[in-house]
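In what follows, a single structure is set out as structure tokens and then discussed.
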Amino acid sequence: MIRLHLTVLSLATVLATTPALWAGNVSVSSGGWTISANESLAQLTISNDSLGIVLQNVKLNFRSTQGLAQAREWTAEQKAENQLSIRTRDSRMLWIFELHMNELRISSTTSDSVLTGQAPGSPQRLVARLLDRQGIPVDWVGTGEVAVTYGGSYTHNLSFLPRRNPDCAYFALGQISATGLHSLFDRASDIAIDFAEDATLSRSAQNLDLLDVTIPVVGNTLVRLIPDYFTKSLGLPFYVPFDDSHFPSAPMVWSSWTSYYERVNEEDIIRNADWIANHLLSYGFQFVQLDDGYDRGPDGQHFWVTNWDKQKFPHGPHWLADYIHSKGLRPGIWLVPNSSAAATEHPDWYLHYTNGQTVLDYNTPALDSTNPEVLEFLRREMKTLDDWGFEYYKFDGEHAVPKYVPGVDLTRLYDKSIDPLAAYRNRLALIRQTIGSARFIEGDVAGTPLNGIGFINSYFNGHDLYDNWQGMYSLFSSINANGFLNHVAAYTMPGEGMALESRTSFEDGSKNRNPSVIETEREREFPLTGFGTTLAEARTVVSFVSLTGVAYSLGSIMPDLADERVDLLRKTLPTMPIFPVDLFSRGTDMEWDKFKHITPDDYIHNYPEILDLKVNSPAGVYDVVAMPNWRSWEKTQELNFSDKLGLAKDTPYIAFDFWNQKIYGVFTDRMPVEIAPHDTRVFQLHPLLNRPQLVGISRHISGAYSVLKVSWDSATRTLSGCSQAVADSPYVLWIYVPDGVSVSQVKASTAGNQLVPIQQRQRGNSLSVTFQGRPGPVEWHVHFTAQKNSGGRKALRP
């Protein structure tokens, strides 16, 4: 009794000393939402059953002559089952929060009301621009492979270009934010969070995993949730959060297809693998893929593992994979798991049409994956390939054949009760279980829906490329249509083989090219425009691929590339862990023979005129802006910083011209740019600071790769950093030096404090510091002093 009396007395004491903490907490739950109001702190927490916290540290504010003022004295009350009312005493406002399924309605009695708070913004919750259903409708459509080959259907999904800035495409490297981006996408739950258009989300300087949110409440505002965003809004048949633990960025792969087609042989693979190992391995390149030509029978059917062509590949598959491994690269192989000519002794394993004929996939009998014996056969096939050492698998014709090929006799399936789509995913699950999660699978769906989400690492959902500028439009179209998937649902493979060879006429190029390369161009375009690309065109191709973060696919005969083309590759490798900000398709209208009917100058498409990669990395917070010219004449374009990029108005920015490796100038609000035909200008835009600052590097188009850290010590007036350059290759830092500031000392050293020779050169405000890369990181330090007699120019602040 004494112990109970003391406990009650202690509790009474706590309640008496903290009445607001106990008496002032109100919580309302409805429609999956919960709002908790804490009167003592004058703050709210808004959460959702599927998302957890949506907004925290929420404050109610009003605009005053001094700016935003927080309402600190208020009373919260539950007015209805789904309604929280807050009456402020110091500002005489009434706020109402109504909780509905997937919608939070917020209203206030004054138009000067402003809600502020913090939104969780970890890498699992992406800043996004969502589908705008009031924008221009476009068609996200697959290729015509199933439709043309089998008489099946095209796969169409309605999408929309946004009303605001439809000419811009936005991407993110790191945890970013920008004016105009007012939505989030939760990767784990496939739920989009859409704040009002006038809301601002700014990355917190104290915690990158938080976004400072400001929402004007001019009478009313909404916070909307869009569940099943990728499936119900965008049309994906399945959504599984993409696991990038084994592949944190998109793959870099050389494929034999575009240059050799089925005529490839062992010597071709060795020659290209040797060159890649010597020239690109140290820049991050990964895979060498054999695409077709290794296993065909006399009638052109495929056996995959049991009929390797010993004349073309005398050492066999195991040796070939080992050879590629010996060069530090990873071997890949093309196949069609849906089919095999190696099981003809089991006719009941195959699919048949209702007329009794065998269904063919890539001229090879198609397998019935509802049959357990077929699945065991497939398991052994994949186990063999994996044991040989292959690590990258390109699956062609990758779809549920009984579902998408008309006329398949479903009564002859081994298991008639199972849905063909479920059987297809069971087959993929078996393959993934056999080869493991550390192997990469690229899927080409032949124009069908992307039903392998969760098992496939990258999707090729476009037409094959071919070897010239017009042949690259399939690549641009594929990124345009499918880039929103990249790194969220699967990586986007834009097509095997960027065309990077030097431009040549059709007549001259035909003298030394594979007959299949020549025939492909005859099929795809008229008049024939020749082979290869100009340097400007090649620059556009690598810029578009690198800054969107999609798979980096080469297909050239690599030893034939000119040095200037190799330099383009080195400056855009490796791929970076980039995410799309624009979570919608920009539409597809590319056709196999598009350029038999139109020229690129007359081709109206939805390719972006401005590609904005927003970066938050150790190198800084800045924008990398690519401005392509899709036409064959020079154009001048004005870049509006605030309207197109969401940058701060009336703020000067330093523009570093990446491809020309120079500081372009300092601009406020807008910047004029001249762009040569088919070229792309790439600028890194840094907000101007009142001190020396790093604004560009020679190593990588992102400006971020290789820069491990950068810091400014105001006490010693020193700009310092650490860079991981390629060993024995020149590495250049570009530093903006304000007027009234001079360089006093520059030095660089390795981790062992061994000095690294440097060269420095200053022209006006531009300082370049050059050193040769070392096997390990290089620490660099640039010391500055303020000029005593600056002639009225700005002096360096300490």
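Hey, can you tell me all the residues within the range 434-467 that are in contact with an Asp or Glu (Cβ under 7 Å, 6 or more places away or on another chain) and part of a strand (DSSP E or B)?
Across the range 434-467, the qualifying residues are 440, 443, 444, 458, 460.
Being polar (S, T, N, Q), surrounded by fewer than 18 Cβ atoms within 10 Å (Cβ to Cβ) and either at pLDDT below 95 or not in a strand (DSSP E or B) (or both): is that true of residue 107 here?
So residue 107 fails the test.
Among 67, 121, 52, which is within 37 Å of the chain's Cα centre (by Cα) and surrounded by fewer than 17 Cβ atoms within 10 Å (Cβ to Cβ)?
Working: 67 fails: within 37 Å of the chain's Cα centre (by Cα); 121 fails: surrounded by fewer than 17 Cβ atoms within 10 Å (Cβ to Cβ).
So the residue among 67, 121, 52 that is within 37 Å of the chain's Cα centre (by Cα) and surrounded by fewer than 17 Cβ atoms within 10 Å (Cβ to Cβ) is 52.
Check 695, 756, 737, 726 and return the single one that is open to solvent by less than 30 Å² (accessible area, probe 1.4 Å) and touching a Gly at 6+ places or on another chain (Cβ under 6 Å). If you could, list the steps in order and put the result at the bottom.
Values: 695 fails: touching a Gly at 6+ places or on another chain (Cβ under 6 Å); 756 fails: touching a Gly at 6+ places or on another chain (Cβ under 6 Å); 737 fails: touching a Gly at 6+ places or on another chain (Cβ under 6 Å).
Being open to solvent by less than 30 Å² (accessible area, probe 1.4 Å) and touching a Gly at 6+ places or on another chain (Cβ under 6 Å) holds for just one of 695, 756, 737, 726, which is 726.
Filter the range 680-709 for residues that are part of a strand (DSSP E or B), farther than 27 Å from residue 630 by Cβ and not charged (D, E, K, R) and give the result. Working first, answer last.
Here is the first cut: in the range 680-709, the ones part of a strand (DSSP E or B) are 680-687, 693-697, 707-709.
If we keep only those that are farther than 27 Å from residue 630 by Cβ too, we end up with 686-687, 693-695, 697, 707-709.
Hits for the range 680-709 are 686, 687, 693, 694, 695, 697, 707, 708.
Residues checked against (1) in a strand (DSSP E or B); (2) surrounded by 15 or more Cβ atoms within 10 Å (Cβ to Cβ); (3) in contact (Cβ under 8 Å) with a residue 40 or more places away in the chain; (4) aromatic (Phe, Trp, Tyr):
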position: 711; (1), (2), (3), (4): yes, no, no, no
position: 721; (1), (2), (3), (4): yes, yes, yes, no
position: 744; (1), (2), (3), (4): yes, no, yes, no
position: 761; (1), (2), (3), (4): yes, no, no, no
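Counting only residues that are out of contact with any helix residue (DSSP H, G or I) (no Cβ under 6 Å at 6 or more places or on another chain) and under 15 Å from residue 320 (Cβ atoms), how many does the range 374-392 have? Outline the logic, then answer.
So in the range 374-392, the residues out of contact with any helix residue (DSSP H, G or I) (no Cβ under 6 Å at 6 or more places or on another chain) come out as 376-378, 380-381, 384-385, 387, 391-392.
Remaining after also requiring under 15 Å from residue 320 (Cβ atoms): 384-385, 387, 391-392.
Counting residues in the range 374-392 that are out of contact with any helix residue (DSSP H, G or I) (no Cβ under 6 Å at 6 or more places or on another chain) and under 15 Å from residue 320 (Cβ atoms) gives 5.
Could you tell me which of the residues 210, 281, 234 is farther than 30 Å from residue 154 by Cβ, in contact with a strand residue (DSSP E or B) (Cβ under 8 Å, 6 or more places away or on another chain) and at pLDDT 95 or above? Steps first, answer last, please.
On the way: 281 fails: in contact with a strand residue (DSSP E or B) (Cβ under 8 Å, 6 or more places away or on another chain); 234 fails: farther than 30 Å from residue 154 by Cβ.
The match here is 210.
Is it the case that residue 57 is in a strand (DSSP E or B), open to solvent by 50 Å² or more (accessible area, probe 1.4 Å) and of a type in the set (S, T, N, Q)?
Numbers: in a strand (DSSP E or B): yes; open to solvent by 50 Å² or more (accessible area, probe 1.4 Å): yes; of a type in the set (S, T, N, Q): yes.
Yes.
Touching a His at 6+ places or on another chain (Cβ under 8 Å), assigned to a helix (DSSP H, G or I) and open to solvent by 10 Å² or more (accessible area, probe 1.4 Å), is that true of residue 537?
Details: touching a His at 6+ places or on another chain (Cβ under 8 Å): yes; assigned to a helix (DSSP H, G or I): yes; open to solvent by 10 Å² or more (accessible area, probe 1.4 Å): yes.
Yes, satisfied.
Do we find that residue 431 is closer than 30 Å to residue 353 by Cα, open to solvent by less than 30 Å² (accessible area, probe 1.4 Å), in contact with a strand residue (DSSP E or B) (Cβ under 8 Å, 6 or more places away or on another chain) and in a helix (DSSP H, G or I) in this structure? Show your work before the answer.
Values: closer than 30 Å to residue 353 by Cα: yes; open to solvent by less than 30 Å² (accessible area, probe 1.4 Å): yes; in contact with a strand residue (DSSP E or B) (Cβ under 8 Å, 6 or more places away or on another chain): yes; in a helix (DSSP H, G or I): yes.
Judged against the criteria, residue 431 is a match.
Keeping to the range 383-406, report how many residues are open to solvent by less than 40 Å² (accessible area, probe 1.4 Å) and within 20 Å of residue 150 (Cα to Cα).
Narrowing the range 383-406 to residues open to solvent by less than 40 Å² (accessible area, probe 1.4 Å): 385-386, 389-402, 405.
So of that shortlist, the ones also within 20 Å of residue 150 (Cα to Cα) come out as 395-402, 405.
Summing the residues that are open to solvent by less than 40 Å² (accessible area, probe 1.4 Å) and within 20 Å of residue 150 (Cα to Cα) in the range 383-406 gives 9.
For the range 581-615, enumerate the residues that are in contact with a Lys or Arg (Cβ under 9 Å, 6 or more places away or on another chain), crowded, with 20+ Cβ neighbours inside 10 Å and assigned to a strand (DSSP E or B).
Across the range 581-615, the qualifying residues are 582, 595, 612.
Kindly list, by first and then second residue, each pair from a residue in the range 574-587 that is within 27 Å of residue 329 (Cβ to Cβ) and aliphatic (A, V, I, L, M) to a residue that is part of a loop (DSSP other than H, G, I, E, B) and open to solvent by 10 Å² or more (accessible area, probe 1.4 Å), limited to pairs with Cβ atoms under 6 Å and residues at least 6 apart or on different chains.
576/249
The values are calculated or read from the model by the stated rules, or taken from the named source; none is laboratory data. All of these numbers come straight from a predicted model, not from anything done at the bench. Every residue, glycine among them, receives a Cβ derived from its backbone with ideal geometry; neighbour counts consider all protein chains shown. Ligands, DNA and RNA are stripped out before the accessible areas are found, and what is left, the full protein with its side chains, is counted by its heavy atoms. Shrake-Rupley method; radii C 1.70, N 1.55, O 1.52, S 1.80 Å.
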